[in-house]
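Only the coordinates and a few stated rules stand behind these numbers; no lab work does. These figures come from a predicted structure and were not determined experimentally. With ideal geometry, Cβ positions are generated from the backbone for all residues, glycine too; neighbour counts draw on all protein chains shown.
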């Protein structure tokens, strides 16, 4: 009885360990030649095509909400000239990577998990291994790199669209001064803010792709297993990304002193 | 010239459930062997263990001096290049058309130019009768065609060992007969070691040089075709002759009462041993033996009427 309970308690630890081991395998596969350039480009194109439009559509209201909230609050302090700066800080440091992560996990990751899961249950992955080809090197590594690349660029997209959305709402709806909005960009925000945003997006892309690939490749039990794998991969990725985001933000705020104090 | 597979004391279980234990046999080089067994006795699991997709709990699988069960992954990928495997549903890559599927191993493992690849692919496609279907996607063709395409892909690297996972499941009798003839012709042509997993009795009776029978979590018997077809061993004769009377029941094993009730029953006589299929060009295969040679050597009298016809020798209704 005790062993059953302990087995149940320890199972998530085992899964986490397997996921980590899978991550290490991918890391090793990264340096194995030949590099699958064609698969990488196809995947990058595919992930970009399913994420660009939704990301832009998410980024506009995101920027707008921040602009409206911060704008309303800041008005009460009489510091409207800093609206632009606050909005840039929020979008680039937090909203950008998070929106990117949600889209990469929700659209890109689910597609990866479904694709690999379907291949798994149709024995395609077995066939590949039997043909002497390592699916991690052939399929997973290109997907992970593609995810990271697309996440990196999506982060840029969210930043631009979010800040632009904030600008439009601030200037048109809240009668902000266009010049002040733009001029205050550098008042609070600084270059390291941009770097941390980009680093975050790379790490989020990595995590999303590895979780999705792992879940897809360990799918079992027919079509239902694939559905479960997709579902679990999205949920696990979301959880992981928010935790990692929290940790990274905390470390960053400790290491890099805020500007302008 | 084919490679021998030496399986030694192999045991595999999933969780607490043992699939089979202590399986020892040697699949002779260059010969055709069939592994039989009632549904759910782990025939496919055995096949996957032989190619290292599943790790056994204990025992070894030796191919060319390498133990598949314990060697590092890198060696495993090397040794797998000796194998051609036909999976149950063909396992074609769904995103590629048949041509690219068959060309895939060549493009990944050899430095052949596209025109050389084309020659090899077309030759194999011709062999399995799929010329003209190169541009089709695996989703657009029938199960039988997928199987033949899977066979073409398995053969494209000129394997030393070819494994067939139920080549006849889901095929009509005519196609099965053609496929069986194809297997014989292929063996004559490339001299590789063939191991077929099936539960089709027709195939088992007429195609192989050797037969093995997995039953009740162990290997009941493995040996030359005539040895098993002439065997009086209850499990073997029941299965190879598709009879209801015997130790194999609807569920995995019959209960003791039923067996006791049957013990007095007369077992139906052994049907005659059929002729083995011969290559269609008439030139005997290297591993082919004279009909009745084994029986003569071992002093076994084959059932009356043996070696006279090539049909499976099963009277209808038995």
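Order by neighbour count: B:58, A:110, fewest other Cβ atoms within 10 Å first, most last.
Ascending number of Cβ neighbours within 10 Å: B:58, A:110.
What does the convex hull of the alpha-carbon atoms of the stretch A:94-212 project to on average, in nm²?
Numbers: hull surface 33.9 nm².
Across all orientations, the stretch A:94-212 yields a mean hull projection of 8.5 nm².
Mind jotting down the three principal axis lengths of the stretch B:15-101 based on Cα atoms? Whole angstrom, largest first.
Taking max minus min along each principal axis of the Cα atoms, the stretch B:15-101 gives 42, 32, 32 Å.
Whole-Å semi-axes of the protein assembly as shown's equivalent ellipsoid, largest first, each the root of 5 times a Cα gyration tensor eigenvalue? Could the numbers behind the result be given before it?
Numbers: eigenvalues 787, 129, 73 Å².
Taking √(5λ) for each Cα gyration eigenvalue gives 63, 25, 19 Å.
Which residue, A:101, A:90, A:113, has the most motion in a Gaussian network model of chain A that connects Cα atoms within less than 10 Å?
Between A:101, A:90, A:113, it is A:90 that shows the largest mean-square fluctuation.
Let me know the Kirkwood hydrodynamic radius for chain B, please, with Cα pairs as the basis and the value in Å to one decimal. Display every interim value, and only then the final one.
Working: mean 1/r = 0.0484 Å⁻¹.
Averaging 1/r across every pair of different Cα atoms and inverting gives 20.7 Å.
Taking the Cα atoms of the stretch A:65-155 alone, what are Rg (to one decimal) and Dmax (as a whole number) in Å?
21.3, 69
Could you give the Stokes-Einstein D for the stretch B:140-232 in µm² per second, using the C-alpha Kirkwood radius, 37 °C, 0.692 mPa s?
Values: Rh = 14.3 Å.
In µm²/s, the coefficient is 230.
Counting only C-alpha contacts under 8 Å and six or more residues apart, can you give the relative contact order of the stretch B:131-254 as a whole percent? Please list the in-between numbers first.
Details: 113 pairs, mean separation 19.8, N = 124.
Computed over the stretch B:131-254, the figure is 16 percent.
Roughly how tilted is helix B:98-109, in degrees to the nearest 10 and between 0 and 90, from the longest Cα axis of chain B?
80 degrees
Among B:36, B:195, B:137, which one moves the most in a GNM of chain B with springs linking Cα atoms closer than 10 Å?
Among B:36, B:195, B:137, the largest GNM mean-square fluctuation belongs to B:137.
Need one value for A:132-140: mean number of C-beta atoms belonging to other chains within 10 Å of its residues' C-beta atoms. Each step should come with its number before you reach the end.
Numbers: counts 12, 7, 4, 0, 0, 1, 1, 0, 0.
Whole-number average of other-chain Cβ neighbours for A:132-140 is 3.
What do you get for Rg/Rh of the stretch A:6-104 when both radii come from the Cα atoms and Rh is the Kirkwood radius? Write out the running numbers ahead of the final one.
Details: Rg = 21.2 Å, Rh = 17.6 Å.
Dividing the radius of gyration by the Kirkwood radius yields 1.20.
Who wins for biggest fluctuation among A:199, A:251, A:112 in a Gaussian network model of chain A, springs between alpha carbons below 10 Å?
Result for chain A, Cα springs under 10 Å: A:251 fluctuates most.
Just to confirm my numbers, what's the Cα centroid distance between the stretch B:158-218 and the stretch B:1-32 in Å?
Comparing the Cα centres of the stretch B:158-218 and the stretch B:1-32, I get a distance of 17 Å.
Quick check: from the Cα gyration tensor, does the stretch B:54-99 come out rounded (a/c under 1.5), prolate or oblate? Don't skip to the answer; put the middle values down first.
Numbers: a/c = 2.76, a/b = 2.14, b/c = 1.29.
Prolate shape, in that a/c is at least 1.5 and a/b is the bigger ratio.
Before anything else, pin down the relative contact order of chain A: Cα pairs under 8 Å, at least 6 apart, normalised by residue count, whole percent.
Working: 352 pairs, mean separation 80.6, N = 261.
Value for chain A: 31 percent.
How big is the shadow of the Cα convex hull of chain A, averaged over all directions, in nm²?
17.6 nm²
For n ≥ 4 DSSP H runs only, could you compute -39500 (n - 2.57) per run for the protein assembly as shown, divide by its residues and tell me the 222 nm figure to the nearest 500? Don't skip to the answer; put the middle values down first.
Working: 22 runs with 305 residues, N = 579.
Result for the protein assembly as shown, helices only: -17000 deg cm²/dmol.
Sort A:74, B:196 so the one with the fewest other Cβ atoms within 10 Å of its own Cβ comes first. Numbers along the way, then the final one.
Working: A:74 19, B:196 27.
Result, fewest neighbours first: A:74, B:196.
Whole percent per 5 Å bin, from 0 to the bin with the longest distance: what is P(r) over all C-alpha pairs of the stretch B:35-182?
Reading upward from the zero bin: 2, 9, 17, 20, 19, 15, 11, 6, 1, 0.
Hey, fewest Cβ within 10 Å first, where do A:31, B:164 land in order? The partial results should precede the final answer.
Working: A:31 9, B:164 27.
The most exposed by this proxy come first: A:31, B:164.
Just to confirm the number: angle between the C-alpha axis of helix A:141-168 and the first principal axis of chain A, 0 to 90 degrees, nearest 10?
20 degrees
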